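The values are calculated or read from the model by the stated rules, or taken from the named source; none is laboratory data. Quick caveat, the model's predicted, so the values are computed rather than measured. Ideal geometry is used to build each Cβ from the backbone, glycine not excepted, and the neighbour counts take in all protein chains shown. To get the accessible areas, we keep the full protein, side chains included, count just its heavy atoms, and leave off ligands, DNA and RNA. Shrake-Rupley method; radii C 1.70, N 1.55, O 1.52, S 1.80 Å.
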Number of protein chains: 2
Amino acid sequence: MNLTVAEENYIKSIYKLQDGDQVVSTNAIAYDLATKPASVTDMAKKLKEKKLIDYEKYQGISLTTEGRKLALQIVRRHRLWECFLVDKLSFSWDEVHEIAEELEHVRSEKLISRLSAFLGNPTTDPHGDPIPDAQGRISKSQPLISLDKATARRLEVAGVSDQSSALLEFLNAKGIRLGTQLDLIERYEFDNSVEVKIRNQPAFTLSEQVSKNIMVKSL
Amino acid sequence: MNLTVAEENYIKSIYKLQDGDQVVSTNAIAYDLATKPASVTDMAKKLKEKKLIDYEKYQGISLTTEGRKLALQIVRRHRLWECFLVDKLSFSWDEVHEIAEELEHVRSEKLISRLSAFLGNPTTDPHGDPIPDAQGRISKSQPLISLDKATARRLEVAGVSDQSSALLEFLNAKGIRLGTQLDLIERYEFDNSVEVKIRNQPAFTLSEQVSKNIMVKSL
DNA sequence: AATATAATTTAGGCAAATCTAAATAAATTA
DNA sequence: TAATTTATTTAGATTTGCCTAAATTATATT
């Protein structure tokens with residue numbers, strides 16, 4: 001199945017937005033891809049024709065098995081390139097998304113399998129998201145919880161759920177990255193902010209908005 | 001200046017074909033890009049509008065200073081990716097072109113400068129072609145080699161070491177002269193003959209005696 | 001120089017991916 | 001339930017990059 005860059009972006013967006021849900025709305029996809037609902041409807045017809053999505057007028061969109069398989073390949077390529085950029089080219093995790101967004105569309109089985117091997121067949125990307133293997137299997141890790149719901153005192157940052165560069169830059173400035181160990185000092189009920197501390201550094205406060213997007217596991 | 005992938009491919013092709021010559025023909029570009037002359041004319045108008053080429057109807061095409069600068073950037077990206085594929089991912093030289101053809105269109109200054117550093121700022125690619133630096137400077141012109149030792153696929157005849165009229169007549173009959181572009185199709189080990197092809201003509205074979213006396217440079 | 005051949009351009013069209021504006025369906029609210 | 005708002009789809013255009021066929025210009029041959 002040979003897809004255009006635009007088709008790949010739609011498949012990836014639908015995969016991301018579906019995430020367990022039954023169907024995704026035209027509007028949601030349009031917003032995610034910064035395009036117009038009318039364009040989504042057009043593309044939906046094309047992708048249905050190619051049997052990559054299930055779609056009936058006004059009934060929402062969902063990936064077929066075939067579509068999901070392709071989505072996982074695209075996600076795999078994206079996350080492997082992010083690893084490359086961070087591990088080999090010393091990019092920080094907040095810089096890599098846009099570049100990986102382009103690199104992911106270079107389609108070559110051999111390139112991706114060799115890149116994966118070169119990187120040591122990583123299973124998570126720099127944001128902590130799992131990398132599907134060549135067969136599209138995702139290694140299931142223990143469920144992470146967001147920092148705003150964490151109760152344990154010693155935590156390790158395992159991912160961020162919002163990849164906006166604004167958030168990533170903020171976290172970078174605070175010294176929070178993947179694998180950073182945090183001490184949960186206090187949770188303030190009135191605004192749901194949390195005070196945390198990185199070893200050897202003064203404590204600081206994170207708003208609920210931020211802590212909701214930091215995924216952690218207890219140590 | 002932001003170019004589409006198609007525009008970048010035209011600029012690169014013109015750069016490659018021009019190579020010292022005054023202008024490049026519509027047909028030559030069409031052949032190189034596996035497209036039709038009419039399409040080249042269309043694109044020529046667009047690129048002239050953007051001031052990347054000089055073009056007057058029926059008078060051939062040449063890059064402007066600005067166009068050449070962009071061409072060198074694209075060539076730089078292409079050749080750096082080829083280095084990456086061969087040096088880091090263990091591809092062989094004949095596999096890398098198509099993949100690099102795609103990777104070269106990922107535009108990010110930072111990506112390319114870091115990739116270059118990661119590779120040790122190489123000055124030639126796996127085919128021996130020079131890699132322009134970030135400012136578009138090329139280290140040195142390639143030394144000429146005789147056709148019987150050439151490895152690159154696309155060659156240009158740059159001279160003959162034996163000036164005997166017998167040889168020159170022979171070459172003339174074959175359509176080989178200074179500046180003729182050759183595709184190296186195959187080298188036959190048993191007698192060291194080479195099969196070559198001139199644009200739009202059937203391939204033919206040259207004996208080692210002949211090929212030893214034809215000096216070429218890779219394109 | 002006249003004619004034939006080759007190269008190039010024009011004209012008109014097509015497909016992909018997008019858009020705006022208008023129409024229609026679904027969901028919400030009064 | 002009826003009215004209103006929101007979501008979605010359709011219709012019709014636009015842009016990019018490409019095509020074929022026909023016309024035009026340049027080049028080569030006699």
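If you check A:Ile14, A:Ile29 for being open to solvent by less than 30 Å² (accessible area, probe 1.4 Å), within 11 Å of DNA strand C (Cβ to nearest atom), in contact (Cβ under 8 Å) with a residue 12 or more places away in the chain and not charged (D, E, K, R), only one passes: A:Ile29.
Tell me, please, whether a residue that is open to solvent by 70 Å² or more (accessible area, probe 1.4 Å) and either at negative phi or among the small types (Gly, Ala, Ser) (or both) can be found in the range B:124-134.
Scanning the range B:124-134, I find no residue that is open to solvent by 70 Å² or more (accessible area, probe 1.4 Å) and either at negative phi or among the small types (Gly, Ala, Ser) (or both), so the answer is no.
Return a yes/no flag: does the range A:78-90 have any residue that is touching a Phe, Trp or Tyr at 6+ places or on another chain (Cβ under 7 Å), modelled with pLDDT of 95 or more and away from chain B (no Cβ under 14 Å). Checking the range A:78-90: not a single residue is touching a Phe, Trp or Tyr at 6+ places or on another chain (Cβ under 7 Å), modelled with pLDDT of 95 or more and away from chain B (no Cβ under 14 Å).
Output the residues belonging to the range B:53-66 that are part of a loop (DSSP other than H, G, I, E, B) and more than 12 Å from DNA strand D (Cβ to nearest atom). Within the range B:53-66, just B:Thr64 meets the criteria.
Scoring B:Thr64 on the criteria (1) touching a Lys or Arg at 6+ places or on another chain (Cβ under 7 Å); (2) closer than 14 Å to B:Asn9 by Cα leaves a single failure, condition (2).
How many residues, within the range A:58-80, are touching a Pro at 6+ places or on another chain (Cβ under 7 Å) and among the hydrophobic types (A, V, I, L, M, F, W, C)? Within the range A:58-80, residues that are touching a Pro at 6+ places or on another chain (Cβ under 7 Å) and among the hydrophobic types (A, V, I, L, M, F, W, C) number 2.
Can you tell me which residue is surrounded by the fewest Cβ atoms within 10 Å (Cβ to Cβ) among those in the range A:168-183 that are among the aliphatic types (A, V, I, L, M) and under 16 Å from A:Thr205 (Cβ atoms)?
Within the range A:168-183, the subset among the aliphatic types (A, V, I, L, M) is A:168, A:171, A:173, A:176, A:178, A:182.
This time we only want the ones that are under 16 Å from A:Thr205 (Cβ atoms), so: A:171, A:173, A:176, A:182.
Details: A:Leu171: 21, A:Ala173: 9, A:Ile176: 21, A:Leu182: 23.
If we take residues in the range A:168-183 being among the aliphatic types (A, V, I, L, M) and under 16 Å from A:Thr205 (Cβ atoms), then A:Ala173 is surrounded by the fewest Cβ atoms within 10 Å (Cβ to Cβ).
On the given criteria, is A:Gly20 away from DNA strand D (no atom under 15 Å from the Cβ) and open to solvent by 30 Å² or more (accessible area, probe 1.4 Å)? Let's see the steps before the verdict.
Working: away from DNA strand D (no atom under 15 Å from the Cβ): yes; open to solvent by 30 Å² or more (accessible area, probe 1.4 Å): yes.
For A:Gly20, the condition - away from DNA strand D (no atom under 15 Å from the Cβ) and open to solvent by 30 Å² or more (accessible area, probe 1.4 Å) - is met.
Scanning the range A:205-219 for residues that are open to solvent by 50 Å² or more (accessible area, probe 1.4 Å) and assigned to a strand (DSSP E or B) gives A:Thr205, A:Lys217, A:Ser218. Using the structure shown, decide if B:Glu186 is surrounded by 13 or more Cβ atoms within 10 Å (Cβ to Cβ) and of a type outside the set (Phe, Trp, Tyr). Judged against the criteria, B:Glu186 is not a match. Figure legend. Inter-residue proximity from the range A:46-65: first residues more than 13 Å from A:Ser25 (Cα to Cα), second residues among the polar types (S, T, N, Q), beta-carbon distance below 7 Å, spacing 6+ or different chains. Indicated pairs: A:Lys51/A:Thr64; A:Leu52/A:Thr64. Quick one: is A:Ala38 within 16 Å of DNA strand D (Cβ to nearest atom), over 17 Å from A:Pro132 (Cβ atoms), modelled with pLDDT of 95 or more and assigned to a loop (DSSP other than H, G, I, E, B)? It is false that A:Ala38 is within 16 Å of DNA strand D (Cβ to nearest atom), over 17 Å from A:Pro132 (Cβ atoms), modelled with pLDDT of 95 or more and assigned to a loop (DSSP other than H, G, I, E, B).
Looking only at residues in the range B:32-54 that are within 7 Å of DNA strand C (Cβ to nearest atom) and either within 16 Å of B:Gln22 (Cβ to Cβ) or in contact with a helix residue (DSSP H, G or I) (Cβ under 9 Å, 6 or more places away or on another chain) (or both), the one that is most open to solvent (accessible area, probe 1.4 Å) is B:Ala38. Taken over the range B:97-121, the criterion of being open to solvent by 30 Å² or more (accessible area, probe 1.4 Å) and either of a type in the set (D, E, K, R) or within 10 Å of chain A (Cβ to nearest Cβ) (or both) is satisfied by B:Glu98, B:Glu101, B:Glu102, B:Arg107, B:Glu109, B:Lys110, B:Ser113, B:Arg114, B:Ala117, B:Phe118.
Identification of helices (runs of 4 or more DSSP H) wholly contained in the range B:87-204 with 1 or more residues that are within 17 Å of the chain's Cα centre (by Cα) and not assigned by TED's automatic domain parsing to the domain that holds B:Gln18 yields B:96-103.
Given the criterion of a type in the set (Lys, Arg) and over 23 Å from A:Phe91 (Cα atoms), identify the matching residue among B:Arg107, B:Arg153, B:Arg79.
On the way: B:Arg107 fails: over 23 Å from A:Phe91 (Cα atoms); B:Arg79 fails: over 23 Å from A:Phe91 (Cα atoms).
So the residue among B:Arg107, B:Arg153, B:Arg79 that is of a type in the set (Lys, Arg) and over 23 Å from A:Phe91 (Cα atoms) is B:Arg153.
Screening the range A:55-76 for residues that are open to solvent by 70 Å² or more (accessible area, probe 1.4 Å) and within 15 Å of DNA strand C (Cβ to nearest atom) and picking the one that is nearest to the chain's Cα centre (by Cα) gives A:Gln59.
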